[in-house]
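Visitor: Please read through the structure below; I'll follow up with questions.
Read-outs throughout are calculated quantities, based only on the coordinates presented, and are distinct from any laboratory measurement. Because the structure is predicted, anything quoted here is derived from the model rather than measured. For neighbour counting, all protein chains shown are included, and Cβ atoms are generated from backbone atoms with ideal geometry for every residue, glycine included.
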Amino acid sequence: MVLASIVVLFHVVTSVILAWLYFRRYTMTRPPIGVFNLGDVAVMLVMVILVPLLYLMLPIWMVIVLLTLAGLSILYFTWEPVLKSSWFIWLVTLVLAGADLFTALAPDINPVWFLAINNIVMLISVVGVTNLWAQSGMKARHAAILGAALAVYDLIATSLLPLMNDLFARLDGLPFAPTIAWPINAAGPWLGIGLGDLVLTAVFPLVMRKAFGRMAGIFAMAFGLGAIGLLILSVLFGFVEIFPVMVVLGPLMVCQYAYWIQRRPERTTWQYLQAEPTK
Amino acid sequence: MFESAFAQLRYAASVLFAVPFDLRSLDRLVDGILATKQEFGSLGADSAEFLGGPELDEETRRDVQIRRFRKQAVRAAEETDYYSSQFTTLGVDPSRLTFEDIARIPVTPKKALLNNPDAFVRRGSNPAFRTTTTGTTGKPTSVYFTAREIQATGLLAAISFLQSGQITPEDIVQISTSSRATLGNTCFSQAVQRIGAVWYQTGLVDPAQALALLSESHHLPGKKNRASFLNTYASYLGELVECGLNSGYSPKDFGVDHISVGGEIVTEGLKRRCRKLFGSVEFIQSYAMTETWPFGATFCEEGHLHFEPSQGLLEIVDPDTAQPGKPGQTGTMVVTPFAPYREASVVLRYDTEDLVQPVFGPLGCSLKHWTATTDLLGKLRLAIRTANGWVYPRQIREALESLEEVPLPARCGFWAIEGGVAVEVAVRKIDSSIRNRIGQSLEERGVPVCELYLEEDPSQLQHQLPLRCDLREILFERSVIKL
């Protein structure tokens, strides 16, 4: 249990820090026209509600196809500004995706190998997705609204309904399963955190830094990681077994946004880059 | 982002498949561009390619153009009075036209549209707006447009201005064109308004009044503190320059950073002298005419006129044979605007009477994948054919406006005489050195000038070329010019 806690926390911390460093160092290709706006938040919420249901309803092979396609595209655009050369990007993407698929689907492979590979793939995915959102103009306000709405959704879907439990049970062991997890013991139960929770934890420091400055971003990172650390400790000491993470993260995001917006106006990406040019 | 993505897809569908533009999508595209510029300070890397149309190779371009020409020809034959009788007489099936067949369709002369504009309106198209040309070349010509066409053109213009960064929400735009130029004024002002800039129409008033408005200080929230964009004709700009410099204005009195100038031949001399008054402004030159609106041309950095091939077909036709001109040969532009840019009044192979020379590749300019010509040489009916070749209005204007001794705009005329041409021009003061300089300037531009007449009083000129600045609009009260 302790090892699982350390492994999961390590991946969480690493993904948040890597997303932060990536944000300062690499520029993703953004659409020629368009900025992340409230309409996108609404679309994302609809997707958050519909996609789990879809994963529960579709045949398993179709779920694997969908997860693989999504995983491949996320890996590709995450590596794009880092590796630059098209064939090298594809090579790294296909090696990672191939390893994930192989360890998930091949018989007689120790599931720990799959979890190790999948955790790395999910970690990279978090870096890519959070940067895509933040670099597409997502504002701290949007992230706070999304966090608040997801807090309500998470409470319903995780605590009041068996939806999340059923979903994780269905996706368990599938390639590109959207969790970072590690087995608690050889019998099979594992400790994990959903990709969605991790994405919100990692994106908020980026948009807060962009909106209000470095200090706001560091506070957001500290609060997010601190909250997840406390939740993992709660699991470790047996206080909870399954917990809707967004119920904690959402209000934290809203409070931080409310605090900073009273002190300074939210910056645009252009204003942020003028004030804090990247290399 | 999702909304913008759908709007971009819808826009691309119209451009690729010639289906009518969806106004809501265009509107969202404008919102998307504004939001993107506000957030990032610029559009994404591929915006120019996306908004400027795809880069087509020669074969694809011909394929796209013949399909669109057929579509427009079918509409013309089936839905307009003018072309239905023409196609019947020709015995040509418009739906089976090949590129080579296009030359079999007679060019549409200005006179046909002038005499019966209603005959060019498609049945069921619901025209809402009749515009007329300003009539500098005679009786005004009328063209009909639907309300949707006008709105779409305004939005497309807004997209183009935003994409190029020529007009931003901070701008204050002065429109100094004829108040009767309703088509250009309506579409341009709609575009400016949609961008969020401020605009006002001065008309072709006393230049002193227009200059007073241009130099006026403003304290509008979020706007520049002086008029920053001027839209006008070449000759009126010349009047402004002349009046401004004579009245003691200098660049520090203005905040103009862009001047959109057109409607007439724009000379290098005019632009050079204009910078003395307004400082280092960027000139925006384009080519458009009411009859073929909104299919027009954009100037590239190398001075070519470029026509976007999916918007219409440009042919350069030998004025003597009415057949396609040979490389390097001067011809008149014959233009067919395509759907979805043109919906109500259809014109096929409209003879603009504007002379140009085709430019062939390989080109090195930023618009190299669009059809290219030289800059306008002038109207065919104003050009003179001599034993040694043509003399174009551009040659005369370039030669005269490059000289400080000739007041702007150059008021001049020219006509054929034995051995070449005679030129008359209004100058500040007549003396022999000026005569020599003008003669030399004309010769340097290849004008076979045999007789040169100088006048200090422009009203004494016998063959003066028409100028749009003479469509003067009067005021009750004269402004006080700043000295």
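Visitor: When the Cα centres of segment A:54-69 and segment A:204-270 are compared, how far apart do they sit, in Å?
Guide: 31 Å
Visitor: Moving on to the next point. Could you order the peptides B:256-266, B:190-200 from most to least packed, using the average number of other C-beta atoms within 10 Å per residue?
Guide: Ranking the peptides B:256-266, B:190-200 by packing returns B:256-266, B:190-200.
Visitor: Report the full-extension gain for the segment residue B:216 to residue B:387: residue separation times 0.36 nm, less the Cα-Cα distance, to one decimal in nm.
Guide: Taking residue B:216 through residue B:387 to full extension adds about 56.3 nm, to one decimal.
Visitor: Work out how much length residue B:318 to residue B:63 would gain on full extension: take 0.36 nm times their residue separation and subtract the Cα-Cα distance, in nm to one decimal.
Guide: Full extension of this stretch gives 89.4 nm more.
Visitor: With a Cα-only, solvent-free Debye model of the protein assembly as shown, what are the log10 I(q)/I(0) values at q = 0.06, 0.07, 0.10, 0.11 Å⁻¹?
Guide: -0.52, -0.66, -1.04, -1.15
Visitor: Nearest-5 percent of antiparallel DSSP beta bridges in the protein assembly as shown?
Guide: 65 percent
Visitor: Oh, and also: Write down the percent of antiparallel bridges among all DSSP beta bridges whose residues are both part of chain B, to the nearest 5.
Guide: Antiparallel: roughly 60 percent of the beta bridges in chain B.
Visitor: Additional query: Find how many whole Å separate the alpha carbon centroid of segment B:83-159 from the alpha carbon centroid of segment A:105-129.
Guide: So the two Cα centres are separated by 64 Å.
Visitor: Based on DSSP H assignment, which helices of chain B show an axial Cα extent of at least 24 Å together with a mean Kyte-Doolittle hydropathy greater than or equal to -0.5?
Guide: The qualifying helices are B:23-40, B:147-164.
Visitor: Which residues in segment A:72-90 have a backbone N closer than 19 Å to a point placed 7 Å from the Cα of residue B:5 along the Cα-to-Cβ line?
Guide: Under 19 Å, as judged by backbone N against the label point of residue B:5, lie A:72-81 of segment A:72-90.
Visitor: Treat each spin label as a single point 7 Å out from the Cα along the C-beta direction, and report the residue B:457 to residue B:473 distance in nm.
Guide: 3.1 nm
Visitor: Continuing with this model, one more query. Could you work out how much longer the chain between residue B:444 and residue B:246 gets when fully extended? Use 0.36 nm per residue separation minus the Cα distance between them, nm to one decimal.
Guide: Difference between extended and current length: 68.4 nm.
Visitor: Assuming R0 = 25 Å, what is the FRET efficiency of residue B:368 and residue B:71, from their Cβ-Cβ distance, to the nearest 0.05?
Guide: For R0 = 25 Å, the calculated efficiency reads 0.40.
Visitor: Shielding of A:259-271 by partners, i.e. mean partner chain Cβ atoms within 10 Å per residue?
Guide: Shielding by partners across A:259-271 averages 2.
Visitor: Could you compute the FRET efficiency for residue B:99 and residue A:50, with r as their C-beta to C-beta distance and R0 at 45 Å, rounded to 0.05?
Guide: For residue B:99 and residue A:50, the calculated efficiency is 0.35.
Visitor: For the ranges B:406-415, B:228-237, B:363-372, what's the packing order if you count other beta-carbon atoms within 10 Å of each residue, average per peptide, and put the highest first?
Guide: Packing order, densest peptide first, comes out as B:228-237, B:406-415, B:363-372.
Visitor: How many Cβ atoms of partner chains, on average, are near each residue of A:21-34 if near means within 10 Å of its Cβ?
Guide: For this peptide, the per-residue mean of nearby foreign Cβ atoms is 6.
Visitor: Once you've got the Cα coordinates, tell me which of B:252/B:368; B:224/B:429; A:84/B:37; A:210/B:223; B:379/B:429; A:210/B:224 are over 32 Å apart.
Guide: Too far apart for the 32 Å limit: B:252/B:368; B:224/B:429.
Visitor: Which loop trypsin sites (Lys or Arg not before Pro) in segment B:421-482, with loop taken from DSSP, have no more than 16 other Cβ atoms within 10 angstrom of their Cβ?
Guide: B:428, B:429, B:472, B:478, B:482
Visitor: Sticking with this one: Which residues among segment A:247-263 fall inside the zone where the amide N is under 17 Å from a point 7 Å beyond the Cα of residue A:233, along Cα→Cβ?
Guide: Hits in segment A:247-263 for residue A:233 at 17 Å: A:248-249.
Visitor: Cross-link partners among aspartates and glutamates for residue B:71, C-alpha distance below 18 Å, same-chain residues fewer than 8 apart left out?
Guide: B:63, B:79, B:81, B:93, B:100, B:101, B:149, B:308, B:315, B:343
Visitor: No partner Cβ under 4.7 angstrom, meaning no disulfide-compatible partner by this rule: which Cys of chain B qualify?
Guide: Isolated Cys, chain B: B:187, B:243, B:274, B:412, B:450, B:469.
Visitor: Counting Lys +1, Arg +1, Asp -1, Glu -1, what net charge surrounds residue B:284 among other residues with beta carbon under 15 Å of its beta carbon?
Guide: Every neighbour counted, the sum reads -4.
Visitor: Tally Lys/Arg at +1 and Asp/Glu at -1 over every other residue whose Cβ is under 12 Å from the Cβ of residue A:265; what's the total?
Guide: Taking every other residue near residue A:265 into account, the sum is +4.
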